[in-house]
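Visitor: Quick one: this structure, given as structure tokens, is what I'll be asking you about.
The values are calculated or read from the model by the stated rules, or taken from the named source; none is laboratory data. Small disclaimer: the values here were computed from a predicted structure and weren't measured. Here the Cβ positions follow ideal geometry from the backbone for every residue, glycine too, while neighbour counts run over all protein chains shown. Only protein heavy atoms, including side chains, enter the accessible area calculation; ligands, DNA and RNA are left aside. Shrake-Rupley method; radii C 1.70, N 1.55, O 1.52, S 1.80 Å.
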Amino acid sequence: MGASVISDLFDRDLFAAGPPHDAFRHFRDERPVALFPEPDGPGFWSVFRYDDVVDVSRHPQRFASAPAVFIQDPPDPTVTQELLINQDPPRHTKLRKLVNRGFTPRQISALEPHVRDIVVRLLDDATAMGTFDLVHDLAVELPLQVIAELVGVPAADRHKVFSWTERMMSNDDDDRVAMQADAQVAIGEMFGYADQLIASRVGGDGTDLLSVLLRADVDGEELTPLELDVFFMLLMNAGSETTRNLITGGTLALFEHPEQRARLAADPELLTPAIEEMLRWVTPVMHFRRTAQEDCEVGGQAIAAGDKVVMWYSSANRDEVQFPDADTFDIGRTPNDHVAFGAGGPHFCLGASLARLEARILFEELLERMPSLTQVGDPVRLRSNFINGIKSLPVRV
Ligand code: HEM
């Protein structure tokens, strides 16, 4: 499809082979802030250039996260308005402080030995299989096991919880109505489960995040049952659906750039910048939305109060003005101020240190234990305009 004829960012075919980078380049050059239609809604401004994405992200008073950071307004805002990610100060600041405690750099680095144990076990199992699915057998399992333990989900239940997150997040089906209905059912089932888990912790002194949230005090008040359910949902979704695509997309980038893979194998010190480059290259979360609070301007384009403004992180991360040779995968790239975890501001990814830790340990062990890992089939991609995801990638040890 020619770049200039792209007029519908809800067309899933556009994302079938990965993000439409040619189209994004065209828009950065020709129409850096452009209006697009949405099904059953007023349409949205798309912001494609790096500097403009940063501008929107760092001015939360002008560009609010409420009512929602997904492009389409939810059919029923009761649940979505409670999500941390959809809130603005002062409520956002207070709620964020509560969960922040579980995600300080010190707390995250203390997880290293445990994360390494999980990785080694998964790699041992994969080695025994010989040929395995990088997504199903490895990339899904690592972040899921880590976040489930942090939040306090028993091991036996984690796949059940994961299947709910998939049904909410995948956004992969052409039948939008059926997809939304199924997501609602999944939310209801997940909340029912979270209620049981919470009930089992009342009065306890557990250190898992759910127990900590249960004892939390916001201005003298406890979190309501709905607020607790919604926190549970956000942590499980954000913690497992994103990192897995960094791991799979990053591995695929190494397969597709054998010279970069050889460079990394020869100099493992490059792993830290390599993971930053994988984040930029893959950009697992392709966009988030804000809503203009006043008449204003972005990149010279007038925006009216109430307009939806969508920051395309996938495009910003390939902006040649910010990244020389932006379409080159260069594991030694420095500086690399990508916006894969958001472009700054109060909502910057809470789990960034955790995601980086998981990826670093996984690739350290993978490069060491599976030096000749080979791709043995085509990746199956998620057809989504939101998550840059891979559903399966067959490999051989
Ligand atoms: C490679 C992996 C990940 C990517 C690419 C990613 C990306 C993002 C992005 C783009 C945002 C929005 C930032 C903004 O609006 O400024 C975000 C927010 C968030 N992320 Fe992540 N994320 C990842 C992993 C994780 C993990 C492992 C967790 C674990 C709990 C997590 C939890 C969250 C939460 C709770 C928020 C909302 C924060 C708020 O609203 O204050 N993320 N993430």
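Visitor: When the residues of the stretch 85-111 are filtered to those that are hydrophobic (A, V, I, L, M, F, W, C) and over 23 Å from His338 (Cβ atoms), which remaining residue is surrounded by the fewest Cβ atoms within 10 Å (Cβ to Cβ)?
Guide: Ala110
Visitor: Kindly evaluate Ser372 against the criterion of being within 16 Å of the ligand (Cβ to nearest atom) and of a type in the set (Ser, Thr, Tyr). Don't jump to the end; show me each part of the working.
Guide: Working: within 16 Å of the ligand (Cβ to nearest atom): no; of a type in the set (Ser, Thr, Tyr): yes.
The answer is no for Ser372.
Visitor: Moving to a separate point now. In the stretch 44-84, how many residues are in contact with a Pro (Cβ under 8 Å, 6 or more places away or on another chain) and open to solvent by less than 10 Å² (accessible area, probe 1.4 Å)?
Guide: Within the stretch 44-84, residues that are in contact with a Pro (Cβ under 8 Å, 6 or more places away or on another chain) and open to solvent by less than 10 Å² (accessible area, probe 1.4 Å) number 3.
Visitor: Regarding Val282, is this residue within 11 Å of the ligand (Cβ to nearest atom), surrounded by 19 or more Cβ atoms within 10 Å (Cβ to Cβ) and touching a residue at least 40 places away in the same chain (Cβ under 8 Å)?
Guide: For Val282, the condition - within 11 Å of the ligand (Cβ to nearest atom), surrounded by 19 or more Cβ atoms within 10 Å (Cβ to Cβ) and touching a residue at least 40 places away in the same chain (Cβ under 8 Å) - is met.
Visitor: For Arg261, which of the numbered conditions (1) open to solvent by 40 Å² or more (accessible area, probe 1.4 Å); (2) out of contact with any helix residue (DSSP H, G or I) (no Cβ under 7 Å at 6 or more places or on another chain); (3) not in a loop (DSSP other than H, G, I, E, B) fails to hold?
Guide: It is condition (2) that Arg261 fails.
Visitor: May I ask you to list the residues in the stretch 194-206 that are of a type outside the set (Lys, Arg), under 23 Å from Phe103 (Cβ atoms) and more than 16 Å from the ligand (Cβ to nearest atom)? Before the answer, list the steps.
Guide: Here is the first cut: in the stretch 194-206, the residues of a type outside the set (Lys, Arg) are 194-200, 202-206.
Next, from what is left, pick out any that are under 23 Å from Phe103 (Cβ atoms): 194, 197-198, 204-206.
Leu197, Ile198, Gly204, Asp205, Gly206 - these are the residues of the stretch 194-206 that are of a type outside the set (Lys, Arg), under 23 Å from Phe103 (Cβ atoms) and more than 16 Å from the ligand (Cβ to nearest atom).
Visitor: For the stretch 264-290, how many residues meet the condition of being within 30 Å of Gln72 (Cβ to Cβ) and part of a helix (DSSP H, G or I)? Full working, then the answer.
Guide: Just the residues of the stretch 264-290 that are within 30 Å of Gln72 (Cβ to Cβ), to begin with: 278-290.
Now narrow it down to the ones that are part of a helix (DSSP H, G or I): 278-282.
Residues meeting the conditions: 5.
Visitor: May I ask you to say which residue of Ala292, Ala304 is more than 16 Å from the ligand (Cβ to nearest atom) and surrounded by fewer than 22 Cβ atoms within 10 Å (Cβ to Cβ)?
Guide: Ala304
Visitor: Exactly one of (1) more than 16 Å from the ligand (Cβ to nearest atom); (2) among the hydrophobic types (A, V, I, L, M, F, W, C); (3) free of Cβ contacts under 8 Å to residues at least 60 places away in the same chain; (4) open to solvent by less than 60 Å² (accessible area, probe 1.4 Å) is unmet by Leu270. Its number?
Guide: In the conditions (1) more than 16 Å from the ligand (Cβ to nearest atom); (2) among the hydrophobic types (A, V, I, L, M, F, W, C); (3) free of Cβ contacts under 8 Å to residues at least 60 places away in the same chain; (4) open to solvent by less than 60 Å² (accessible area, probe 1.4 Å), Leu270 misses (3) alone.
Visitor: Are any residues in the stretch 216-243 assigned to a helix (DSSP H, G or I), open to solvent by 20 Å² or more (accessible area, probe 1.4 Å) and of a type in the set (D, E, K, R), and if so, which ones?
Guide: Across the stretch 216-243, the qualifying residue is only Glu227.
Visitor: Considering each of Asp157, Asp205, Asp195 in turn, give the residue that is more than 24 Å from Gln72 (Cβ to Cβ), charged (D, E, K, R) and not in a helix (DSSP H, G or I). Spell out how you get there, then give the answer.
Guide: Details: Asp157 fails: not in a helix (DSSP H, G or I); Asp195 fails: not in a helix (DSSP H, G or I).
After applying the criteria, what remains is Asp205.
Visitor: Given the structure, is Val309 away from the ligand (no atom under 12 Å from the Cβ), open to solvent by 40 Å² or more (accessible area, probe 1.4 Å) and touching a Lys or Arg at 6+ places or on another chain (Cβ under 6 Å)?
Guide: No.
Visitor: Of the conditions (1) without any contact (Cβ under 8 Å) to a residue 60 or more places away in the chain; (2) buried (at least 21 other Cβ atoms within 10 Å of the Cβ); (3) within 22 Å of Glu30 (Cβ to Cβ), Glu297 satisfies every one except a single condition; which number is it?
Guide: All conditions pass for Glu297, except number (2).
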